[in-house]
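Here the structure is laid out as structure tokens; the discussion comes afterwards.
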Amino acid sequence: MNQKQIFNKIRNRIAFSILFSLACATSAIAADKISIGYLSSTGQGKFFIAKDAGIFEKNGLDVTLVEFSNSGDGIAAVRAGKLDAGAFGSLAPLIHISQGADIRVIGGIMGGDQAVITRKENAASVKKLSDLKGKKIATIRLGTADAIVRGGLKKEGVDWRKDVTIVELKNPPAVIEAVKNGSVFAGVTWGPHDLRAEEAGLSVVLRSKDINPGHICCRLIASLRKIEGRDDVYKRLVKSLIEAEELVQNDHKKSVEIIAKWIKLDTALVNKAFYSGHVTQDTDPNVKGVEFFWDFLKDAEFIKSDRKVSEYVRTDFYKAAIAELRKENPKSEFYAKAENIFKSRN
């Protein structure tokens with residue numbers, strides 16, 4: 001082999017090496033695009049944190065967050081294939097599952113955080129839900145709070161079809177306004193709108209955790225047609241939310257600043273709402289919690305179904321994600337605890 005041939009061979013190898021490196025780099029930065037629907041709530045702060053703190057990006061996801069004002073509109077978008085995932089209460093997806101929808105619960109976003117509000121002059125008369133008998137109550141269509149109240153009324157011997165008048169409104173601000181102007185006696189909303197109601201001169205008289213202790217709220221859902229062939233994408237989505245949950249626990253200041261930016265609230269108000277103790281942030285799908293709420297809805301005559309709801313919950317994404325995080329962070333007490341909680345619930 002002459003000198004020219006040796007030179008050409010070396011040059012070709014170098015060129016191949018460069019091209020190969022560029023291809024690998026391009027592959028590494030090519031993120032999977034996904035769209036996620038959410039409600040403007042402090043309880044859904046993990047989405048905002050995962051987005052702004054670069055957690056989605058780190059896990060190879062290019063996420064677009066799409067805001068909805070209520071669960072009904074959001075879940076319709078999931079079913080229509082307009083979203084890759086969404087978190088819209090726990091009532092809406094379970095109603096759709098009872099009707100045979102092709103959706104699956106793949107994770108959790110939050111629990112608790114629902115409240116009953118009324119005017120200050122009426123607050124002393126409401127110690128329990130049955131005190132609302134004969135009254136007009138504003139709720140949000142297909143909202144978890146709506147189901148909590150109707151089920152709680154039935155549990156206390158009040159027929160929500162006959163003994164109260166329920167008015168379904170579009171969003172929390174509409175509920176607050178209806179209570180404030182006296183067109184309804186009480187209303188049901190979620191954080192941070194409970195604090196907004198107090199700022200408007202109203203009173204929080206009951207919390208959902210008192211009506212239905214430990215109840216689940218927003219579940220992370222996706223349609224089967226979106227999941228098919230994309231298990232790794234959804235595992236990375238769930239993994240991102242677990243990491244955001246860890247940041248929520250260990251960096252209050254950063255978490256509050258990000259959430260306040262997204263829902264356009266004062267940081268002091270966000271801090272009060274998010275770390276109030278009224279809301280939980282577990283990311284696991286919580287099969288036992290879903291089953292409990294399913295039975296609660298059936299007992300309240302909200303749904304009628306012989307389906308086994310656990311068959312509509314996918315735990316494999318969380319299981320794989322938490323296993324990866326445990327391997328990557330073997331000394332983390334947070335991830336060890338999260339894995340143990342997951343095992344106990346699923």
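Could you please find all residues in segment 90-126 being open to solvent by less than 10 Å² (accessible area, probe 1.4 Å), of a type in the set (S, T, Y) and either over 30 Å from I242 (Cα atoms) or free of Cβ contacts under 8 Å to residues at least 24 places away in the same chain (or both)?
If the condition is that a residue be open to solvent by less than 10 Å² (accessible area, probe 1.4 Å), of a type in the set (S, T, Y) and either over 30 Å from I242 (Cα atoms) or free of Cβ contacts under 8 Å to residues at least 24 places away in the same chain (or both), then T118 is the only one that fits.
So D299 ticks every box in (1) more than 18 Å from the chain's Cα centre (by Cα); (2) open to solvent by 30 Å² or more (accessible area, probe 1.4 Å); (3) within 20 Å of I103 (Cα to Cα) but one. Which box is left unticked?
(3)
Being outside any loop (DSSP other than H, G, I, E, B) and open to solvent by 60 Å² or more (accessible area, probe 1.4 Å) is the filter; apply it to segment 302-322 and report the residue that is nearest to K343 (Cα to Cα).
Residues of segment 302-322 outside any loop (DSSP other than H, G, I, E, B): 309-313, 316-322.
When the remaining residues are screened for being open to solvent by 60 Å² or more (accessible area, probe 1.4 Å), the result is 311, 316, 319.
Working: E311: 17, D316: 12, K319: 9 Å.
Step by step, filter segment 302-322, then rank; the result is K319.
Considering only segment 156-193, how many residues are in contact (Cβ under 8 Å) with a residue 24 or more places away in the chain and over 22 Å from N70 (Cα atoms)?
6
Can you report the number of residues in segment 191-231 which are touching a helix residue (DSSP H, G or I) at 6+ places or on another chain (Cβ under 7 Å), within 16 Å of T139 (Cβ to Cβ) and part of a helix (DSSP H, G or I)?
Going through segment 191-231 one residue at a time, the tally reaches 4.
Picking from G111, G107, which residue would you name as being modelled with pLDDT under 85 and under 25 Å from the mean Cα position of the chain (by Cα)?
Numbers: G107 fails: modelled with pLDDT under 85.
Going through G111, G107 in turn, just one is modelled with pLDDT under 85 and under 25 Å from the mean Cα position of the chain (by Cα): G111.
Answer yes or no: is there a residue in segment 18-33 that is farther than 21 Å from R236 by Cα, modelled with pLDDT under 80 and not hydrophobic (A, V, I, L, M, F, W, C). Before the answer, list the steps.
Just the residues of segment 18-33 that are farther than 21 Å from R236 by Cα, to begin with: 18-23.
Still in the list and also modelled with pLDDT under 80: 18-23.
Keeping just the survivors that are not hydrophobic (A, V, I, L, M, F, W, C) gives 21.
Within segment 18-33, one or more residues are farther than 21 Å from R236 by Cα, modelled with pLDDT under 80 and not hydrophobic (A, V, I, L, M, F, W, C).
Among residues belonging to segment 127-144 that are surrounded by 17 or more Cβ atoms within 10 Å (Cβ to Cβ) and of a type in the set (S, T, Y), point out the one that is farthest from S90 (Cα to Cα).
T139
Sort out which residues of segment 53-72 are acidic (D, E) and touching a Lys or Arg at 6+ places or on another chain (Cβ under 9 Å), and write them in order of number.
First, the residues of segment 53-72 that are acidic (D, E): 57, 62, 67.
If the condition is that a residue be acidic (D, E) and touching a Lys or Arg at 6+ places or on another chain (Cβ under 9 Å), then E57, D62 are the ones that fit.
Please verify whether segment 158-169 includes one or more residues that are open to solvent by 50 Å² or more (accessible area, probe 1.4 Å), in a strand (DSSP E or B) and among the β-branched types (V, I, T).
yes
Return the pair list, or none, for Cβ contacts closer than 9 Å from residues in segment 306-332 that are within 12 Å of I106 (Cα to Cα) to residues that are open to solvent by 30 Å² or more (accessible area, probe 1.4 Å) and assigned to a loop (DSSP other than H, G, I, E, B), at least 6 apart or on different chains.
Correct list of pairs: V313/N346; T315/N346; Y318/N346; K319/N346.
Of (1) touching a His at 6+ places or on another chain (Cβ under 8 Å); (2) in a loop (DSSP other than H, G, I, E, B), I176 satisfies all except one. Which?
Checking I176 against (1) touching a His at 6+ places or on another chain (Cβ under 8 Å); (2) in a loop (DSSP other than H, G, I, E, B), the one that fails is (2).
Mind checking which residues of segment 272-290 are farther than 14 Å from H215 by Cα and open to solvent by 70 Å² or more (accessible area, probe 1.4 Å)?
K272
The values are calculated or read from the model by the stated rules, or taken from the named source; none is laboratory data. These numbers come from a predicted model, not from an experiment. Note that we place each Cβ from the backbone using ideal geometry, even for glycine, and neighbour counts take in every protein chain shown. In case anyone asks, the SASA skips ligands and DNA or RNA and just uses the protein heavy atoms, side chains included. Shrake-Rupley method; radii C 1.70, N 1.55, O 1.52, S 1.80 Å.
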